[in-house]
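K.L.:
Handing you this structure, nothing more for now.
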Amino acid sequence: MPTPDYWHYPRTALADSVLMAFGSGLSHALTMFAPRRMGKTEFLLKDIAPRAAEQGWRVFYHSFMSDGDEGGEVFRLSLAEFAAGRARTWLKPLTARVSAEVLGVKAELATRDARAPHSLTEVVQALAAGGRCLLLLDEAQILTRQARNEELLGGLRTGLDINKDTLKVLFTGSSREGLRRMFSEARAPFFHFGTNIELPTLERAFCTHLAAAFTRSTGRVLDEAQLWDAFVACGHVPAHLRAVVEAMVLNAGLTLATAVRLTSHHQHDETQYARQLNALPPLDRLVLRAVLTAAPLFAEETRARIGTTLGSAAPSTTLIQSATERLLRDEIITRRERGQYEISDPGFAQWLHALPTASDQAPLE
Ligand SMILES: Nc1ncnc2c1ncn2[C@@H]1O[C@H](COP(=O)(O)OP(=O)(O)OP(=O)(O)O)[C@@H](O)[C@H]1O
Ligand SMILES: [Mg+2]
């Protein structure tokens, strides 16, 4: 039994309601969305998985985040190994050790026949034959980026469909657009798979919990009200607040305000953001800026302003449309329910907010 992580703030009620929906037969698949760094993976691994195991589920967790081109194959092999084995839980969080494991699987792949011995549907069937199982599929929408995964996704859908009484699945994703694509556009759409739940932002009790954990580990006191203010100021991103508290644990002389300032730089992967922005054509940058300021993208006024900045005539709605489609495709922005757009990564949005507008035109250093 691993020692419980006392820094983790449990979301037990939410985990229980998800498990109740599965256990009672009400749902067989749920999709959970939340932006980057908001705690999806932590919720799956530290709340859902142990709770489900306690309740007698076999639990399989898989993240599609880092397996690159081989993502589909690594998933199929991992699931096959789990289905064939006796382990009751299979949790493969994203760590360096896992990358090594994945490489191992890849090496194994290279020595195998090019033809897969078992299709994913067969693997899923075998899994179902072993009894009730919960599949936690983290960032599964990544699979839709490559056409070659279409068959695999179709196989997954069919397998889950046939075995929906035994196999329950929780998909998570940080791209609304990617999830939408997965559930509606693939050749074998998952559309009737997706009752959506949003991972709620953490409440004040999270800060109370962190303050208590801080005292437990250092014997010092951390003002909970100030911590909450800092949490609100950093956009309710738990990863950021954890970094702040960690800095204060390690450095007794650090005030909360200083810790917030020092860590905010690390939270934003500045080099990557700059690279991402630099890679965009000028029009796309300006459309991105319009999304950032929630300006109506196709309105005459917005187009005129973009034209002025570009030193040209106002771009047509068709041109704006293409730029929007490119930004959507690359998951830089996502479509919200009512025709609104938002920047997918809240860290990127915050970083853009802090940029002088002139950098929309000139490349950044
Ligand atoms: N319930 C929680 N209690 C304490 N800390 C948390 C909690 N949820 C998230 N965190 C902190 O936030 C960090 C980011 O969480 P996590 O990796 O689960 O986010 P995510 O939504 O999966 O992000 P990504 O989209 O990057 O995969 C964690 O490493 C942890 O430090
Ligand atoms: Mg995650």
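The values are calculated or read from the model by the stated rules, or taken from the named source; none is laboratory data. Bear in mind that the values here come from a model prediction, so they are computed numbers and not experimental data. Don't worry about glycine lacking a Cβ; one is built from the backbone with ideal geometry, like all the others, and counts go over all protein chains shown. With ligands, DNA and RNA removed, areas are computed over all heavy atoms of the protein, side chains included. Shrake-Rupley method; radii C 1.70, N 1.55, O 1.52, S 1.80 Å.
K.L.:
Consider Arg326 carefully, then state whether it is open to solvent by 70 Å² or more (accessible area, probe 1.4 Å), modelled with pLDDT of 90 or more and closer than 26 Å to Met182 by Cα.
P.N.:
Values: open to solvent by 70 Å² or more (accessible area, probe 1.4 Å): yes; modelled with pLDDT of 90 or more: yes; closer than 26 Å to Met182 by Cα: yes.
Yes, satisfied.
K.L.:
Then there is this: Out of the residues in the stretch 12-71 meeting the condition of being at positive phi and in contact (Cβ under 8 Å) with a residue 40 or more places away in the chain, tell me which one is nearest to ligand 1 (Cβ to nearest atom).
P.N.:
Among residues in the stretch 12-71 that are at positive phi and in contact (Cβ under 8 Å) with a residue 40 or more places away in the chain, the one nearest to ligand 1 (Cβ to nearest atom) is Gly39.
K.L.:
Further question on the same structure: Would you list the helices (runs of 4 or more DSSP H) that sit entirely within the stretch 219-283 and hold 1 or more residues that are in contact (Cβ under 8 Å) with a residue 40 or more places away in the chain? Talk me through it step by step, then tell me what you get.
P.N.:
Numbers: elements: 224-233, 238-250, 256-267, 270-278.
In the stretch 219-283, 238-250, 256-267, 270-278 are the helices (runs of 4 or more DSSP H) which contain 1 or more residues that are in contact (Cβ under 8 Å) with a residue 40 or more places away in the chain.
K.L.:
Ok, one more. Just a yes or no: is a residue in the stretch 311-334 free of Cβ contacts under 8 Å to residues at least 40 places away in the same chain, within 19 Å of Ala34 (Cα to Cα) and in a loop (DSSP other than H, G, I, E, B)?
P.N.:
For the stretch 311-334, residues free of Cβ contacts under 8 Å to residues at least 40 places away in the same chain, within 19 Å of Ala34 (Cα to Cα) and in a loop (DSSP other than H, G, I, E, B): present.
K.L.:
Collect the residues in the stretch 235-254 that are open to solvent by 10 Å² or more (accessible area, probe 1.4 Å), touching a helix residue (DSSP H, G or I) at 6+ places or on another chain (Cβ under 9 Å) and among the hydrophobic types (A, V, I, L, M, F, W, C), keeping them in residue-number order.
P.N.:
Result: Val237, Ala239, Ala243, Ala247, Met248, Val249, Ala252, Leu254.
K.L.:
Considering each residue of the stretch 1-57, count those that are β-branched (Val, Ile, Thr) and crowded, with 21+ Cβ neighbours inside 10 Å, and give that number.
P.N.:
Going through the stretch 1-57 one residue at a time, the tally reaches 3.
K.L.:
Is it true that Leu288 is assigned to a helix (DSSP H, G or I) and either open to solvent by less than 50 Å² (accessible area, probe 1.4 Å) or under 30 Å from Leu179 (Cβ atoms) (or both)?
P.N.:
Here the answer is yes, as Leu288 does meet what is asked.
K.L.:
Inspect all residues belonging to the stretch 181-197 and state whether any of them is within 29 Å of Leu14 (Cβ to Cβ) and at pLDDT 85 or above.
P.N.:
yes
K.L.:
I've got another one for you. Within the stretch 97-150, take every residue that is open to solvent by 40 Å² or more (accessible area, probe 1.4 Å), away from ligand 2 (no atom under 16 Å from the Cβ) and under 25 Å from Glu331 (Cβ atoms) and give me the one that is modelled with the highest pLDDT.
P.N.:
Filtering the stretch 97-150 for residues that are open to solvent by 40 Å² or more (accessible area, probe 1.4 Å), away from ligand 2 (no atom under 16 Å from the Cβ) and under 25 Å from Glu331 (Cβ atoms), the one modelled with the highest pLDDT comes out as Glu150.
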